[in-house]
Amino acid sequence: MKNLLFSLFALTVFFASKPAFAQSAQSDFKGAEATKSHYKALYYLDDADPKKIKGTLRNIDNALEDVRLKGKVEIELVAFSDGVAVYDKSGPFEATLLALQKKGVILAQCNNTVMERHIDKASLFPFISYVPSGNGEIIIRQAEGWATIHP
Amino acid sequence: MKNLLFSLFALTVFFASKPAFAQSAQSDFKGAEATKSHYKALYYLDDADPKKIKGTLRNIDNALEDVRLKGKVEIELVAFSDGVAVYDKSGPFEATLLALQKKGVILAQCNNTVMERHIDKASLFPFISYVPSGNGEIIIRQAEGWATIHP
Amino acid sequence: MKNLLFSLFALTVFFASKPAFAQSAQSDFKGAEATKSHYKALYYLDDADPKKIKGTLRNIDNALEDVRLKGKVEIELVAFSDGVAVYDKSGPFEATLLALQKKGVILAQCNNTVMERHIDKASLFPFISYVPSGNGEIIIRQAEGWATIHP
């Protein structure tokens with residue numbers, strides 16, 4: 001009932017007043033323009049859920065293929081905590097990872113996670129890189145002007 | 001037992017030593033000051049969970065109403081992946097979205113998601129905008145100096 | 001079947017072509033370099049799940065202890081929405097929070113959440129700070145050049 005009243009109130013306010021600048025801007029809006037010559041983005045993954053992992057890898061590919069960014073975006077993926085699952089040799093992500101790496105994506109794993117969990121590096125794909133900590137990587141990259149994304 | 005020992009250890013260290021600079025800073029701290037004349041923030045949503053959607057919309061409103069930012073913050077919401085649910089005509093978010101749009105919030109949907117999932121745009125609210133990809137939007141906005149937030 | 005075909009395709013493309021620049025870069029990559037003298041990072045927490053809370057607090061400690069950042073990173077944790085659980089006196093996080101605070105971490109709670117939920121501040125740890133809104137804090141900090149992280 002409270003929600004219904006709120007909805008009616010919001011609709012009334014909306015239709016009773018002249019739409020603000022956002023309305024006209026809205027209809028024309030087709031997304032931000034990529035005016036720079038180069039973009040950098042760090043994706044971070046700390047979840048073992050295959051749906052989340054698949055989604056993150058697909059998101060990276062979507063960024064690489066965005067018409068606004070195509071050919072001018074550099075991407076790094078850093079996994080930490082439960083996210084190490086993406087690099088597990090027994091997992092299903094090898095082909096997708098290799099395809100992303102071929103497109104220039106840096107595939108990095110948090111070394112802290114490996115040590116804390118006593119993970120044998122031989123159980124992870126041999127084509128990945130290690131960084132001291134995933135969290136340090138996020139902080140340094142953002143300070144360098146990289147976008148950071150956590151889907 | 002290990003946790004208990006760690007707790008005792010941490011408490012001992014804490015009470016045995018003179019509190020560091022953070023302690024005094026802490027008591028005075030009332031939040032960062034908004035010294036700039038204008039702020040920009042991009043919220044992204046990739047989850048269909050109504051609780052997550054409601055929370056994200058409430059977060060946007062809280063940012064708009066923060067005494068430090070009131071009247072000087074510009075916000076965009078971009079939905080992708082499962083987050084498209086927020087714009088579904090059969091969903092419960094129309095009034096809240098319109099109220100946010102009236103406050104100037106740009107409501108954007110990832111076009112990639114629409115194409116990949118063969119979503120009929122007629123099933124989404126007519127008052128939203130489309131961007132080539134949600135992930136591209138995040139990367140470009142962050143490079144432009146927008147804060148990006150993923151509740 | 002489709003996945004298998006895709007995997008075969010990706011592998012074929014990979015082994016058939018000369019590895020791009022990323023391959024050689026990859027083997028040498030040891031993580032971003034911390035060339036600045038000072039770093040700042042804001043962690044935000046909006047979840048009551050003890051696993052998520054514990055992970056966030058551990059992530060903060062990992063960032064503080066990263067060999068690249070040790071002694072030159074300033075960190076703030078801001079809790080909002082369900083994340084207020086981290087500061088609940090009846091919860092198990094007091095020792096860990098005090099240990100982080102001793103290392104200089106600012107512990108902040110969204111005042112909006114407290115008001116919206118009619119939370120008695122006496123039920124939260126006395127050593128925390130309050131900010132007008134968690135979302136405002138994120139936006140202002142990012143505009144000031146702080147990295148923001150949501151594990």
Members of the range C:109-129 found to be farther than 10 Å from C:TYR87 by Cβ, hydrophobic (A, V, I, L, M, F, W, C) and facing chain B (nearest Cβ under 10 Å), listed by number | C:CYS110
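List the strands (runs of 3 or more DSSP E) that sit entirely inside the range C:101-151 and contain at least 3 residues that are surrounded by 21 or more Cβ atoms within 10 Å (Cβ to Cβ).
Working: elements: C:106-110, C:129-131, C:147-149.
Passing ranges, in order: C:106-110, C:147-149.
C:LYS54: open to solvent by 10 Å² or more (accessible area, probe 1.4 Å), within 13 Å of chain A (Cβ to nearest Cβ), at pLDDT 95 or above and under 20 Å from the mean Cα position of the chain (by Cα), yes or no? Even if it seems obvious, please write down each step before you answer.
Details: open to solvent by 10 Å² or more (accessible area, probe 1.4 Å): yes; within 13 Å of chain A (Cβ to nearest Cβ): yes; at pLDDT 95 or above: yes; under 20 Å from the mean Cα position of the chain (by Cα): yes.
Yes.
Do we have any residue at all in the range B:65-76 that's open to solvent by 10 Å² or more (accessible area, probe 1.4 Å), part of a strand (DSSP E or B) and either within 14 Å of chain C (Cβ to nearest Cβ) or modelled with pLDDT of 95 or more (or both)?
Yes, the range B:65-76 has at least one match.
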Provide a single number: the residues in the range A:17-51 that are modelled with pLDDT of 95 or more and in a helix (DSSP H, G or I).
-> 2
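Residues that are more than 7 Å from chain C (Cβ to nearest Cβ) and of a type in the set (A, V, I, L, M, F, W, C): does the range A:138-146 have at least one?
Going residue by residue through the range A:138-146, those that are more than 7 Å from chain C (Cβ to nearest Cβ) are A:145-146.
Going one step further and asking which of them are of a type in the set (A, V, I, L, M, F, W, C), we end up with A:146.
For the range A:138-146, residues more than 7 Å from chain C (Cβ to nearest Cβ) and of a type in the set (A, V, I, L, M, F, W, C): present.
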Consider only pairs whose beta carbons are under 7 Å apart and that are at least six residues apart or on different chains; among these, list those whose first residue lies in the range A:84-100 and is free of Cβ contacts under 8 Å to residues at least 24 places away in the same chain and whose second residue is among the polar types (S, T, N, Q).
-> A:ALA95/C:SER7
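With C:ASP82, C:ASP88 as the choices, which residue is closer than 20 Å to A:SER81 by Cβ, open to solvent by 30 Å² or more (accessible area, probe 1.4 Å) and more than 14 Å from chain A (Cβ to nearest Cβ)?
On the way: C:ASP88 fails: closer than 20 Å to A:SER81 by Cβ.
One residue alone meets the criteria, C:ASP82.
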Considering only the range C:80-94, state which residues are in contact with a strand residue (DSSP E or B) (Cβ under 8 Å, 6 or more places away or on another chain), assigned to a loop (DSSP other than H, G, I, E, B) and hydrophobic (A, V, I, L, M, F, W, C).
-> C:PHE80
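The values are calculated or read from the model by the stated rules, or taken from the named source; none is laboratory data. None of the values given here were measured: they were computed from a predicted structure. When we count neighbours, we look across all protein chains shown, and the Cβ atoms used for this are built from the backbone with ideal geometry, even at glycine. Note: accessible area is taken over every heavy atom of the protein model, side chains too, but ligands, DNA and RNA are not part of it. Shrake-Rupley method; radii C 1.70, N 1.55, O 1.52, S 1.80 Å.
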